[in-house]
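Read-outs throughout are calculated quantities, based only on the coordinates presented, and are distinct from any laboratory measurement. These numbers were taken from a predicted model, which means no experiment stands behind them. Because the Cβ atoms are built from the backbone with ideal geometry, glycine has one as well, and the counts that use them run over all protein chains shown.
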Amino acid sequence: MGVKIYPSPRVYNQVLAPRKYIKGKRRFSVYWTWSYPWEANRDVTELDNRFSTMTEVRRVGWPAFESIEFSEKMFLQGIAGTLELFHLSIARFQEVVESVTGFRVPDYQRIDQAGQKLLIDERILADTDTLMVFGLDHLVTEQEAAPEEIEAIQNFLKREDTCLVLSPHHDVGFSEDLNQRQQEYAHHGDPLVPRQQRFGKYTRSLMKGLGVPVENRFGLRPATIKGTNNQLVPLAKQMDFDNRGWLNGVNTFNFHMHLPHYAVTTDDPKLIQVLARQPIDMTHPHPFIDAGNREFNMFLWMPPTGERVGDILLADSTIFTTLFGGDESLERFWKNLAML
């Protein structure tokens, strides 16, 4: 059977139509850095560095996914089903952004279900003002930014009113010390995350190419208010540095059991600003806590400099999903990004 290969971008659940530039109306695009087939085809007998199967999600989350739409009659039950949950989980974000900007938010994948590879180039960037790069590729799948992609994004950021949001996910269990891996696992407490789950080779290579002095480290459980259903302790915000007002009216993001610490690797205070830190759940020990830390870096900003007139932000991809909950504060953050 012949399969037609389309040279134009393939998008998920949408028909692509170029979006015309309108001043003051930002055009968002989401880019998942994974190879869908490689992630979906991972050996489920492997303990580490893979997504959960949908069957595992149903078992742990029971009875949350026991409705007919998540049954084997209507939904993929392997790893592919879990990947589809991520796509579904940004639908609310897409709706909120469209309500503000008037533009739909296309949902791209580096390598999609049909094996079609889409690099970040002018096919995506030409009608995009805010590019969101969701770093959910496992290191073992060997995704890496090509030199031409880095160059394309550098040129993109020379345009006025552009913004790049980098979202490398967590790096759990990087140590060869099995006792440390177990300690990290006990700290976050999510049975669906293996003792080692390392994400983000693509975003790491992109950050290196763009000169972003940040590393995604660990998977830390955020502090919650005692007696509540995972209501987060408010962010520690640095409003003096939030020149754009992204955090106006924002007290919390959303609860997720294992969030990355975005470690700043430069001493130059003008290069990057930490706009928000998240208090850590101190209930269970963790090497990051043992090192004297009580908060982790959650939301960072690289102001324009030199030829780069666009902003670079760092924020975990889970902040833009509803898979792990959400409230008015979170949606206010989304609207701020869309308006500012």
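Of Leu210, Leu164, Asn179, whose Cα points farthest to the positive end of the dipole of region 160-248 (charges on the beta-carbon: +1 Lys, Arg; -1 Asp, Glu; origin at the Cα centre)?
Projecting each Cα onto the dipole axis, the largest value belongs to Asn179.
Taking 0.36 nm per intervening residue step and subtracting the Cα-Cα distance, what contour gain separates Gln231 from Arg123 on full extension?
Contour length minus the Cα-Cα distance gives 34.8 nm.
Near Phe75, within a Cβ-to-Cβ distance under 12 Å, what is the net charge of the other residues, with Lys and Arg +1 and Asp and Glu -1? Provide the component values of the computation, followed by the final result.
Details: positive: Arg58, Lys73; negative: Glu66, Glu69, Glu72, Glu84.
Computed value for this residue: -2.
How much of the DSSP beta bridge set in the chain is antiparallel, as a percent to the nearest 5? List each step's numbers first, then the result.
Working: 26 of 45 bridges.
Antiparallel bridges: around 60 percent, rounded to the nearest 5.
Place +1 on the Cβ of every Lys and Arg and -1 on the Cβ of every Asp and Glu in region 60-192, take the dipole about the Cα centre, and give the residue among Gly135, His188, Ala91 whose Cα lies farthest towards its positive end.
Towards the positive end, the residue furthest out is Ala91.
Net charge around Thr55, counting only other residues with Cβ within less than 13 Å of its Cβ (Lys, Arg = +1; Asp, Glu = -1)? Display every interim value, and only then the final one.
Working: positive: Arg58, Arg59; negative: Glu56, Glu66, Glu72.
Computed value for this residue: -1.
Out of Asp290, Asp311, Asp137, any idea which swings most in a Gaussian network model of the chain, alpha carbons joined below 10 Å?
Asp290
Could you check the simple spin-label distance between Glu66 and Lys208, using points 7 Å along Cα→Cβ, in nm with one decimal?
4.7
Please compute the contact order of region 28-339 in relative form: average sequence separation of alpha-carbon pairs under 8 Å and at least six residues apart, divided by the residue count, as a percent. Before the final figure, lay out the partial values.
Working: 632 pairs, mean separation 65.5, N = 312.
Worked out over region 28-339, it gives 21 percent.
Tell me, what is the FRET efficiency for Arg59 and Ala91 to the nearest 0.05, using R0 = 30 angstrom and their Cβ-Cβ distance as r?
On the way: r = 24 Å, r/R0 = 0.82.
Step by step, r from the Cβ atoms, then E = 0.75.
I need the GluC sites (Glu not before Pro) found in region 63-93, filtered to DSSP loop residues with at most 14 other beta carbons within 10 Å of theirs. Intermediate results must be reported in sequence, preceding the final value.
Working: sites: Glu66, Glu69, Glu72, Glu84; in loops: Glu66, Glu72.
Counting only loop positions with at most 14 other Cβ atoms within 10 Å, the GluC sites (Glu not before Pro) in region 63-93 are Glu66, Glu72.
Based on the Cβ-Cβ distance from Asn179 to Met339, what FRET efficiency comes out when R0 is 45 Å, to the nearest 0.05?
Values: r = 47 Å, r/R0 = 1.05.
Here the calculated transfer efficiency is 0.40.
How large is ³J(HN,Hα) for each residue in region 322-327, as worked out from phi by the Karplus curve 6.51 cos²θ - 1.76 cosθ + 1.60 (θ = phi - 60°), to whole Hz, x for Gly and Pro?
So the Karplus estimates, Gly and Pro as x, are 10, 4, 10, x, x, 8 Hz.
Just Pro269, Pro285, Pro147 to compare: in a GNM of the chain, with alpha carbon springs under 10 Å, which one fluctuates most?
Pro269
Convex hull over the alpha-carbon atoms of the chain: what's its volume per residue in Å³?
On the way: hull volume 51.3 nm³, N = 340.
About 151 Å³ per residue, rounded to a whole number.
Just to confirm a number: summing +1 for Lys and Arg and -1 for Asp and Glu over residues other than Phe86 whose beta-carbon lies under 11 angstrom from that of Phe86, what do you get?
-3
Between His284, His188, His169, find the one with the highest GNM mean-square fluctuation for the chain; connect C-alpha pairs within less than 10 Å.
His284
For region 186-233, what class follows from the C-alpha gyration tensor (a ≥ b ≥ c being the square roots of its eigenvalues): rounded when a/c is under 1.5, otherwise prolate if a/b is larger than b/c, else oblate? Intermediate values should be presented prior to the final figure.
Details: a/c = 4.02, a/b = 1.90, b/c = 2.12.
Judged from the Cα gyration tensor, region 186-233 comes out oblate (a/c at least 1.5, b/c at or above a/b).
Using 1/(1 + (r/R0)^6) with R0 = 25 angstrom and r between the beta carbons of Val100 and Val309, what's the FRET efficiency to the nearest 0.05? Walk me through the intermediate numbers first.
Details: r = 22 Å, r/R0 = 0.90.
For R0 = 25 Å, the calculated efficiency reads 0.65.
Any idea what the dipole of the chain comes to, in debye rounded to 20, about its Cα centre with Lys/Arg Cβ at +1 and Asp/Glu Cβ at -1?
On the way: 37 positive and 44 negative charges, 147 e Å.
Dipole size: approximately 700 debye.
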